[in-house]
Structure formats: structure tokens, C-alpha cells
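J.: Provided herewith is a single structure, encoded as C-alpha cells, for subsequent inquiry.
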Amino acid sequence: MKKELIDKYRCKSVDELEQAGKLLLEKHDNKRIFAFIGEMGVGKTSFIKVLCRLLGAEEYVTSPTFSIINEYITHKGNSLYHFDLYRINPEDVFDLGYEEYLFSGNYCFIEWADKIRELLPEETVIVEMKEEGGERVIYF
């Protein structure tokens, strides 16, 4: 898993997340697994909503807080997987069949990925989000 966070983007509003999303997807156009790390309320779900929309999700994107995994279908018929691991014990991800999702070749966006960091594939893109002075700061 990539350990070095090279790029840093500051977003003052939700609207600016779209530009950051375009840059993230463009920079990592050959990657499919994105691990989001950051405190509660920093905007992980909001950013994933933008990414899913940019990738063509036809459904309304919501947080999978209780369902753990949401699947969205794009206008091209591809699946996008959105995980929220906040309420799960790390050893329980095996019961979810997480490997099938991660190795499906489809986009996987994982909130609270630090809980399973050692289980993520080497090619996972780490996206760290912080709040600094009223702005979202996104590192990847």
C-alpha cells in the first residue's frame, strides 16, 4: 500500500471537491481501490459522493454506515463499491467477503480504512483528509 502522500489539495467548499476528485481519478486512472482516512466529519462521504458521480453512478450515493457496503451502478453498467468500516471490527471484514470486492476490478472506496490497513492490497491509493482552518485538506 502506498505510504507516501504526495499531493495536497485545499477545498474551501463542497463545490471544490469536484476538482479534487477529477485530479485524484486522473492521477490514479489505473487504480481501483481507494482508502479514505480522516476524523469524523472531515468530508470522506462527501468526497466519495463526488467520485461516484464523476464515475457515472446513476443512483443517489449515501453513507453505508449501517449496511457497511453500498453498491452503485454506473450508466455503463459497472459497479462501484462504497464501504464504511466505522462500526465493524477488523476481523469481521472476512465475513463480508471483502476480498471479492477488492479484487473485482471495480472501484472500491473505503471509509475508515485505517481499521484494515494491513489487509489492503499494495496498490491501494491512500486518501487522507483533514480539516485545517475551515478548509478540507486532501492528501493522496
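J.: Identify the residue in region 18-40 that is aliphatic (A, V, I, L, M) and either touching a His at 6+ places or on another chain (Cβ under 6 Å) or within 18 Å of D84 (Cβ to Cβ) (or both) and, among all such residues, is surrounded by the fewest Cβ atoms within 10 Å (Cβ to Cβ). Talk me through it step by step, then tell me what you get.
T.: Filtering region 18-40 down to residues aliphatic (A, V, I, L, M) leaves 20, 23-25, 33, 35, 37, 40.
Okay, now just the ones that are also either touching a His at 6+ places or on another chain (Cβ under 6 Å) or within 18 Å of D84 (Cβ to Cβ) (or both), so 33, 35, 37, 40.
On the way: I33: 24, A35: 25, I37: 20, M40: 8.
Among residues in region 18-40 that are aliphatic (A, V, I, L, M) and either touching a His at 6+ places or on another chain (Cβ under 6 Å) or within 18 Å of D84 (Cβ to Cβ) (or both), the one surrounded by the fewest Cβ atoms within 10 Å (Cβ to Cβ) is M40.
J.: Among the residues of region 119-136, write down those that are more than 29 Å from F103 (Cα to Cα) and either touching a His at 6+ places or on another chain (Cβ under 6 Å) or assigned to a strand (DSSP E or B) (or both).
T.: Selection gives E131, E132, E135, R136.
J.: Tell me, yes or no, whether region 79-102 has at least one residue that is on the phi < 0 side of the Ramachandran plot, in contact (Cβ under 8 Å) with a residue 40 or more places away in the chain and not aromatic (F, W, Y).
T.: Checked against the condition, which is being on the phi < 0 side of the Ramachandran plot, in contact (Cβ under 8 Å) with a residue 40 or more places away in the chain and not aromatic (F, W, Y), region 79-102 yields at least one hit.
J.: Another question, if that's okay. Would you point out which residue out of I73, I88, I48 is in contact with a helix residue (DSSP H, G or I) (Cβ under 8 Å, 6 or more places away or on another chain) and not hydroxyl-bearing (S, T, Y)? Full working, then the answer.
T.: Working: I73 fails: in contact with a helix residue (DSSP H, G or I) (Cβ under 8 Å, 6 or more places away or on another chain); I48 fails: in contact with a helix residue (DSSP H, G or I) (Cβ under 8 Å, 6 or more places away or on another chain).
That would be I88, the only listed residue that is in contact with a helix residue (DSSP H, G or I) (Cβ under 8 Å, 6 or more places away or on another chain) and not hydroxyl-bearing (S, T, Y).
J.: Which of (1) more than 24 Å from G105 (Cβ to Cβ); (2) in contact with a Lys or Arg (Cβ under 8 Å, 6 or more places away or on another chain); (3) of a type outside the set (A, V, I, L, M) is the odd one out, the single condition S13 does not satisfy?
T.: (2)
J.: With the requirement that a residue be at pLDDT 95 or above and part of a loop (DSSP other than H, G, I, E, B), what does region 41-74 give you?
T.: Scanning region 41-74 gives L55, G56.
J.: Tell me yes or no: at least one residue of region 4-16 is under 17 Å from E128 (Cβ atoms), touching a residue at least 40 places away in the same chain (Cβ under 8 Å), among the basic types (K, R) and buried (at least 18 other Cβ atoms within 10 Å of the Cβ).
T.: So far as region 4-16 goes, no, none of its residues is under 17 Å from E128 (Cβ atoms), touching a residue at least 40 places away in the same chain (Cβ under 8 Å), among the basic types (K, R) and buried (at least 18 other Cβ atoms within 10 Å of the Cβ).
J.: Determine, yes or no, whether I48 is among the β-branched types (V, I, T), surrounded by 13 or more Cβ atoms within 10 Å (Cβ to Cβ), in contact (Cβ under 8 Å) with a residue 24 or more places away in the chain and closer than 25 Å to V137 by Cα.
T.: Numbers: among the β-branched types (V, I, T): yes; surrounded by 13 or more Cβ atoms within 10 Å (Cβ to Cβ): yes; in contact (Cβ under 8 Å) with a residue 24 or more places away in the chain: yes; closer than 25 Å to V137 by Cα: yes.
Yes; evaluated as a whole, the condition is true for this residue.
J.: Could you please give the count of residues in region 122-140 that are under 21 Å from K31 (Cβ atoms) and loosely packed, with under 14 Cβ neighbours inside 10 Å?
T.: 2
The values are calculated or read from the model by the stated rules, or taken from the named source; none is laboratory data. Remember, predicted model here, so these are calculated numbers, not experimental data. Because the Cβ atoms are built from the backbone with ideal geometry, glycine has one as well, and the counts that use them run over all protein chains shown.
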